[in-house]
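What follows is a short report on a single structure.
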Amino acid sequence: MISLDIYGQISKHYTLVWIFKALHLPFLAYYFYTCRKSKLEILDKLILLSIFIAFAGSWIAYLIIHDNLAFNILTAVTIIEGQINLFILSKISKRVNVSSKNDIWSISLTLIIAIGFIYLTFPKFATLTQILVLIAMIQLSLMCVYGFFRKEIHILISGSIATIILCNILSVVGIFLVKITYDYLWIMGLLYLSKYMFVEGILKSKKLIY
């Protein structure tokens, strides 16, 4: 389904995109549900909610032709979804007693880079876009604190965070700075991969968090 979505966009067979756009996400939700079955807890329900938000957001953004508006909507959806995932990661970290005493430096460095990046691209960004990107970067920095290469957290969650960071960078560069060849392939491929890795990482960490 992902391949047909990406192929449809690249080859301009948009009927394929209309049919298969983010259609794998409901199946991903069903996969997670069948793995958890009757053991659904509040964190499980939040994961299912984040998948639904990602699915709805991808469709809504695709229906909008204007790149800037679509980017802002996708970023806003990402922020909502990211806030849910950030809450889940914070709860997991609390349950496995993750220590983050020195992570204030990681957050500070990430924010300095984020603000510098926004400042350098100021001519390309509207104020609303700048605010949304800054919020998203703050969230990603906090996700790094709670889930990035922690020995107590499954490696797939770390991979998911790294993938979504790369996806966001390519989105900004591809829309506002320079044209990337097959940008839809790279951006959407990474976005879909990140969601799968996060869900699978949560399932593989269930012994720690449930």
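The values are calculated or read from the model by the stated rules, or taken from the named source; none is laboratory data. Because the structure is a prediction, the values reported are computed rather than measured. Here the Cβ is made from the backbone with ideal geometry for all residues, glycine too, and neighbour counts use every protein chain on show.
In segment 74-93, of all residues being surrounded by fewer than 19 Cβ atoms within 10 Å (Cβ to Cβ) and within 10 Å of Leu132 (Cβ to Cβ), the one that is nearest to the chain's Cα centre (by Cα) corresponds to Ile79. Residues in segment 5-40 that are over 20 Å from the mean Cα position of the chain (by Cα), closer than 20 Å to Leu193 by Cα, at pLDDT 80 or above and surrounded by 16 or more Cβ atoms within 10 Å (Cβ to Cβ): Gly8, Leu16.
Within segment 136-152, is even one residue under 13 Å from the mean Cα position of the chain (by Cα), at pLDDT 70 or above and closer than 30 Å to Tyr7 by Cβ? There is at least one residue in segment 136-152 that is under 13 Å from the mean Cα position of the chain (by Cα), at pLDDT 70 or above and closer than 30 Å to Tyr7 by Cβ.
In segment 11-23, the residues that are closer than 14 Å to Leu185 by Cα never reach a residue that is crowded, with 18+ Cβ neighbours inside 10 Å and among the aliphatic types (A, V, I, L, M) with C-beta atoms less than 6 angstrom apart, at least six apart or across chains. Only one of these is among the hydrophobic types (A, V, I, L, M, F, W, C), at pLDDT below 80 and surrounded by fewer than 19 Cβ atoms within 10 Å (Cβ to Cβ): Leu208, Leu166, Leu193. Name it. Result of the check over Leu208, Leu166, Leu193: Leu208.
Using the structure shown, decide if Ile6 is part of a helix (DSSP H, G or I), β-branched (Val, Ile, Thr) and in contact with a Leu (Cβ under 6 Å, 6 or more places away or on another chain).
Values: part of a helix (DSSP H, G or I): yes; β-branched (Val, Ile, Thr): yes; in contact with a Leu (Cβ under 6 Å, 6 or more places away or on another chain): yes.
In short, yes.
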